[in-house]
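To keep things clear, I will list the structure first and then write my remarks on it.
The values are calculated or read from the model by the stated rules, or taken from the named source; none is laboratory data. All values derive from a computational prediction rather than experimental measurement. Here the Cβ is made from the backbone with ideal geometry for all residues, glycine too, and neighbour counts use every protein chain on show.
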């Protein structure tokens with residue numbers, strides 16, 4: 001095990017210092033590598049086909065961290081519906097994720113995180129764990145060393161305030177009157193990213209109501225000084241942005257004391273309508289667990305009883321986020337997914353199978369296309385606020401989420417649809433055209449694309465004292481923009497001015513080291529693995545300086561074992577960029593870039609392909625405990641359990657068969673290359 005997984009935060013500057021062997025394994029000849037790749041691809045195809053649902057979709061578990069499980073128990077405690085079976089099963093999962101030092105991390109092998117550890121500790125107290133037990137005593141001691149509850153993030157202290165473990169007046173104010181802020185004024189709710197918006201609106205209700213349900217026990221052991229649990233914090237200089245927003249928060253606390261009753265009631269009713277209007281057909285909100293949890297609490301505080309159809313459907317939807325399994329002793333264990341990813345998983349699986357040589361009219365692919373077509377979004381959502389004239393189209397991430405289609409899923413679904421020979425080509429083409437029209441309409445002013453909204457780039461939401469956790473805006477990113485550019489190139493739109501603007505933005509975003517930042521995957525390996533294939537598909541020659549710099553960076557980041565890996569700490573510490581234990585998904589991303597860049601015969605590609613073949617399990621799958629996906633860079637990390645299957649198969653397929661949509665004349669050899677041939681990034 002390397003230093004990337006010891007939870008200490010120790011830095012692995014090079015492979016040797018990370019505990020990896022520096023001995024480069026002897027590389028087999030090309031024929032042997034190809035034979036191993038063919039064998040691995042065949043087993044992977046069989047494995048992936050066996051995992052398809054009879055309806056046509058794929059879905060891997062979406063693993064995050066134990067705050068999901070802890071907050072689920074806290075919700076049930078608050079509503080008075082917590083039961084012993086659920087509590088014990090959740091507690092087993094939470095205990096299993098604890099580090100020997102008593103902490104809980106936010107990703108596999110990561111350092112202990114204060115708020116996560118506090119929430120896990122409280123959940124185990126609810127489950128009956130005694131504070132004197134060694135695992136609990138170690139956790140509480142570490143929490144006190146880190147500053148106790150007072151140093152936790154705002155969202156953790158909100159959960160504690162619901163039970164009187166923290167005082168509401170010691171939390172930032174979030175008035176429901178924000179619902180009345182016009183869309184053209186900064187800090188209106190549409191200045192926030194859709195995930196933050198869906199959370200903040202119900203939390204304005206919670207903040208206004210300030211409920212307290214009797215706590216079943218005290219948490220004095222989590223304070224550095226129980227007599228003084230909330231020591232005063234220094235105010236930032238008034239001339240700084242932090243100082244401005246701290247003083248705004250003080251003004252909002254003062255406003256609360258004089259808030260006009262009718263205005264506040266109207267604001268609360270407006271928030272309730274907003275929440276209910278965005279409830280999905282399956283009862284959830286946006287297909288995401290956190291907004292659903294807060295929406296249930298908010299509506300309950302406004303008088304909706306648990307038998308009301310809205311709340312009943314909401315609670316039933318939350319049950320569908322639970323993954324049940326058995327531990328080594330045969331006891332039930334319950335893990336909560338923050339979200340579910342069937343559309344994303346299905347389009348990536350279809351691409352992988354098609355690129356690996358499965359017949360384009362194979363029944364599994366046709367069934368997948370049928371399911372994806374039925375998931376197309378045909379109604380307007382919040383994106384209409386900035387694009388009121390744009391007709392709907394595209395796809396979301398989840399089973400049920402018609403309010404928030406996303407640009408990344410839409411681009412990848414189109415790429416999947418174009419790989420399949422469907423018996424109803426006109427139906428497919430109509431869906432593709434609607435998706436392209438919607439995607440082009442969502443282009444931001446700078447020429448790039450964000451995930452859910454256009455031009456969601458206001459700097460102000462991140463400054464609010466309330467927003468101390470994760471991203472709350474949705475600016476354009478290199479990975480999403482790359483997927484869109486690749487989609488447009490595959491559709492023959494590489495010369496479209498809107499595509500060229502996207503390409504120009506990508507070239508300008510390249511880092512000095514040759515890599516691209518990864519917003520939705522970890523990290524520079526993901527960004528580079530997305531951008532290089534897109535640029536080449538759009539006509540950049542493989543000799544272009546941007547492509548060559550990317551190749552040089554990837555080759556320099558390759559581990560001694562032949563794979564690639566990048567730890568999540570790269571989001572905070574530049575020394576971690578491109579460094580980490582080799583993983584199947586990250587090795588595949590690097591290979592996709594190198595293959596697109598024309599490096600099929602290079603030693604780096606041979607070593608990477610050999611690593612994938614060598615580490616494949618007997619059943620055709622790969623093991624990957626590392627988290628290689630992100631919700632919020634660093635703050636909220638994701639282990640997509642299907643990434644380890646679909647991306648290696650895609651890479652193996654392109655190694656064996658080439659990219660089915662590569663420009664004529666080989667990678668980078670298309671006629672579109674001359675337009676940007678000499679441009680430096």
Test result for residue 355, without any contact (Cβ under 8 Å) to a residue 60 or more places away in the chain, buried (at least 24 other Cβ atoms within 10 Å of the Cβ) and outside the structural domain of residue 183 (by TED's automatic domain parsing): no
The one condition in (1) surrounded by fewer than 24 Cβ atoms within 10 Å (Cβ to Cβ); (2) at pLDDT 95 or above that residue 506 fails to fulfil: (1)
Top-ranked residue of region 360-416 - restricted to ones that are more than 12 Å from residue 431 (Cβ to Cβ) and without any contact (Cβ under 8 Å) to a residue 12 or more places away in the chain, ranked as surrounded by the fewest Cβ atoms within 10 Å (Cβ to Cβ): 389
Residue in region 179-223 that is surrounded by the most Cβ atoms within 10 Å (Cβ to Cβ), counting only those that are touching a strand residue (DSSP E or B) at 6+ places or on another chain (Cβ under 9 Å) and assigned to a loop (DSSP other than H, G, I, E, B): 192
Single residue of 678, 666, 672, 653 found to be at pLDDT below 95 and in a helix (DSSP H, G or I): 672
Residue within region 153-161 that is under 30 Å from the mean Cα position of the chain (by Cα), assigned by TED's automatic domain parsing to the domain that holds residue 269, over 22 Å from residue 80 (Cα atoms) and surrounded by fewer than 20 Cβ atoms within 10 Å (Cβ to Cβ) present: yes
Any chance residue 402 is closer than 27 Å to residue 342 by Cβ and modelled with pLDDT of 95 or more: no
Yes/no for residue 142 being assigned by TED's automatic domain parsing to the domain that holds residue 319, buried (at least 22 other Cβ atoms within 10 Å of the Cβ) and farther than 21 Å from residue 324 by Cα: no
